[in-house]
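Let me begin by presenting the structure, written as structure tokens, before commenting on it.
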Amino acid sequence: MRILVWHVHGGWMEAFVRGRHEYLLPVKPDGGAWGLGRGGREWPVAAQEIDLDTIDPDSVDVVVLQRPEEIAAVARKLGRRPGVDLPAVYVEHNTPKGDVPFTLHPLADQHGIPVVHVTHFNQLFWDTGSTPTVVIEHGIPDPGRLYTGEREEMGVVVNEPVRRGRVTGTDLLPGFAGVGPLRVFGMGTEALPEALNLKGFGLSEERLRISGDVPAPRLHQELARCRLYLHPLRWTSLGLALLEAMHLGMPVLALATTEATRAIPPGAGLVSNNVDELQRFARCLLDEPGDAYAMGMVARAAALERYGLGKFHQAWDELLADLPTARPSPAHTRLPEKQIPEQQVPNKQLPDTERRPQPGSESVSHDTERTHP
């Protein structure tokens, strides 16, 4: 199939574009959220940059949507309506926001575009009404078992930790820094030292070691030298960095929130909402490299079994094959820029059009989190 898909979530796309299809990635001279193309990544040749203004509308077999606004964008550019005369599926990368668990999904109660959740937790907590949903768990290109654990440090990967604050558990980092050194990777981490002010906790600034945003191969090499991986995130979808750390062969510590309890098996580290317990366990692993190594082997085996690329691509192939074929439509016409509302979705089928969110559960603005670790 020839699949139209925007480069929105780089980590997820690393796996998706390694399937057996052609992946059409819109690109613009200035890049940005609507024209990043390959984004300079070393992806297979099947991941092709295209100009959405000039592409033949009939050459697109299916569109994989990731933002509500893409529905209208596709209709304007191709003259084909996702879920009506162009097969479409919507990938929901994020946990719901707003009045959880009453958060109404932007594509709730329509039957033209199924919603794919990346975790069972997300499927459970998003209110999608009668919209068909399915879970396709993440797939991770295996970086290999690179773990050495030679550094007595806790590795952390988080993007924009200051801006995202409690969501990413940034406020928990000083407590762990009191246990041992933290090595932090990710975008926006250079602002952490000032924001955390470890001196105010009576700690040396040396307990916080910022490695910043580095290319994936280097990240894997450097992260694997840390004794353990710390995942303090409170309310995000399942972090791909956590799954990558498990693939590397690292023992992992995580809060027992969202999907972590499913992803991390017994013996691979510790999953708990008792922060004191997590801190004590972290100290034990820092002191016992042999135990850390053994737990990392358990983590890697579990990650390969559940989050391997083969399983991921098989699930996507089956879903795409089951999508309804395009319905006959008039000759495709590229529509005027303002003719279609920005968040138009296919006509909802009665009686679902009469459905309303429960009091206080109005659908919230759907800001796709592009800084998901």
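The values are calculated or read from the model by the stated rules, or taken from the named source; none is laboratory data. Computed from a predicted model, the values in this text were never measured in an experiment. Glycine gets a Cβ as well: all are built from the backbone with ideal geometry, and neighbour counts include every protein chain shown. Side chains included, ligands, DNA and RNA excluded: accessible areas come from the protein's heavy atoms. Shrake-Rupley method; radii C 1.70, N 1.55, O 1.52, S 1.80 Å.
Run the quick spin-label model on Thr148 and Gln123: label points 7 Å from Cα toward the beta carbon, then report their separation in nm to one decimal.
Between Thr148 and Gln123, the simple spin-label model gives 4.1 nm.
Using the heavy atoms of the protein chains alone and a 1.4 angstrom probe, what is the accessible area of the chain per residue in square angstrom?
Result: 43 Å² per residue.
So if I place +1 on the C-beta of Lys and Arg and -1 on the C-beta of Asp and Glu, and nothing else carries charge, what would the dipole magnitude of the stretch 16-127 be about its Cα centre? I want it in debye, nearest 20.
Value, rounded to 20: 200 debye.
Using r as the Cβ-Cβ distance of Asp171 and Glu194, and R0 as 22 Å, what FRET efficiency do you calculate, to the nearest 0.05?
0.90
Which residues among the stretch 36-64 fall inside the zone where the amide N is under 17 Å from a point 7 Å beyond the Cα of Glu318, along Cα→Cβ?
Residues passing the 17 Å test: none.
Put a dot 7 Å past each Cα toward the Cβ at Val214 and Met187; how far apart are the dots in nm?
Placing both labels 7 Å beyond Cα along the Cβ direction yields 1.9 nm.
Between Val134 and Asp99, take the C-beta separation as r, use R0 = 22 Å, and let me know the FRET efficiency to the nearest 0.05.
Plugging the Cβ-Cβ distance into 1/(1 + (r/R0)^6) gives 0.35.
Once amide H atoms are placed 1.01 Å from N in the peptide plane, what residues at a sequence separation of 5 or more from Leu65, or on another chain, have their amide H within under 5 Å of its amide H?
Under 5 Å from the amide H of Leu65 lie the amide H atoms of Val89, Tyr90, Val91, each far enough along the sequence or on another chain.
Please compute, for the alpha-carbon atoms of the stretch 37-181, the extent along each of the three principal axes and give them in descending order in Å.
58, 41, 27
Run the simple label-point estimate for Val275 and Asp53 please: 7 Å along Cα→C-beta, distance reported in nm.
That separation, rounded to one decimal, is 5.1 nm.
Ignoring ligands, DNA and RNA, please state the percent of accessible area on the chain from carbon and sulfur, probe 1.4 Å.
51
Step through the residues of the stretch 48-63 one at a time and calculate ³J(HN,Hα) from phi using the Karplus curve (6.51 cos²θ - 1.76 cosθ + 1.60, θ = phi - 60°), rounding each to whole Hz and writing x for Gly and Pro.
Whole-Hz 3J(HN,Hα) from phi for the stretch 48-63: 10, 7, 9, 9, 5, 6, 10, 5, 5, x, 6, 7, 8, 8, 7, 10.
Report ³J(HN,Hα) in whole Hz for each residue of the stretch 170-176, in order, from the Karplus equation J = 6.51 cos²θ - 1.76 cosθ + 1.60 where θ = phi - 60°; Gly and Pro get x.
These are the phi-based 3J(HN,Hα) values: 4, 5, 7, 4, x, x, 6 Hz.
Using only Cα atoms and rounding to the nearest 10 degrees, what angle (0 to 90) does helix 69-78 make with the longest principal axis of the chain?
The answer is roughly 40 degrees.
Relative contact order of the chain, please, whole-number percent, based on alpha carbon pairs below 8 angstrom and at least 6 residues apart.
Once normalised by length, the contact order is 21 percent.
Please turn the phi angles of the stretch 263-275 into ³J(HN,Hα) values with the Karplus equation 6.51 cos²θ - 1.76 cosθ + 1.60 (θ = phi - 60°), one per residue in order, whole Hz, x for glycine and proline.
Once θ is set to phi - 60°, the couplings for the stretch 263-275 become 6, 9, x, x, x, 9, x, 8, 10, 7, 9, 8, 5 Hz.
Could you work out the helix-only [θ] at 222 nm for the chain, with each DSSP H run of four or more residues adding -39,500 (n - 2.57) and the total divided by the number of residues, to the nearest 500 deg cm²/dmol?
-7500 deg cm²/dmol
Would you mind listing how long the stretch 64-105 runs along its three principal axes, going by Cα atoms, in whole Å with the largest first?
Principal extents (Cα only, largest first): 36, 15, 15 Å.
Looking only at the chain, where both bridge partners belong to it, what percent of the DSSP beta bridges are antiparallel (to the nearest 5)? It would help to have the intermediate numbers written out before the result.
Details: 1 of 39 bridges.
Roughly 5 percent of the beta bridges in the chain run antiparallel, per DSSP.
On full extension of the chain, what length is gained from Met1 through Cys284, given 0.36 nm per residue of separation minus the C-alpha to C-alpha distance?
That works out to 96.9 nm of additional length.
For helix 289-306, report the angle its Cα long axis makes with the longest principal axis of the Cα atoms of the chain; keep it between 0 and 90° and round to the nearest 10°.
Helix 289-306 sits roughly 10 degrees off the main axis of the chain.
Find the eigenvalues of the gyration tensor of the Cα atoms of the chain, then list the square roots of 5 times those eigenvalues as equivalent ellipsoid semi-axes, largest first, in whole angstrom.
Gyration-tensor ellipsoid for the chain: 39, 22, 19 Å.
Rounding to the nearest 10 and keeping the result within 0 to 90°, find how far the Cα-based axis of helix 309-322 lies from the longest principal axis of the chain.
It is inclined by approximately 20 degrees.
Could you point to the residue in His117, Leu208, Leu182 farthest towards the positive end of the stretch 72-220's charge dipole, with +1 and -1 charges on the Cβ of Lys/Arg and Asp/Glu respectively?
Value computed over the given set: His117.
Please tell me the relative contact order of the stretch 110-264 in percent, rounded to the nearest whole number, where contacts are Cα pairs under 8 Å and at least six residues apart.
Once normalised by length, the contact order is 27 percent.
Please report the spacing between the Cα centers of the stretch 221-255 and the stretch 24-78 in Å, no decimals.
31
Kirkwood Rh, Cα Rg: Rg to Rh for the stretch 34-104?
On the Cα set of the stretch 34-104, Rg over Rh gives 1.04.
Evaluate E = 1/(1 + (r/R0)^6) for Ala301 and Asp30, where r is the Cβ-Cβ distance and R0 equals 41 Å; express this FRET efficiency to the nearest 0.05. List each step's numbers first, then the result.
Details: r = 44 Å, r/R0 = 1.08.
Between Ala301 and Asp30 the formula returns 0.40.
Quick one: dipole size for the chain, taken about the Cα centre, charges +1 on Lys/Arg Cβ and -1 on Asp/Glu Cβ, in debye to the nearest 20.
In total the dipole reaches around 80 debye.
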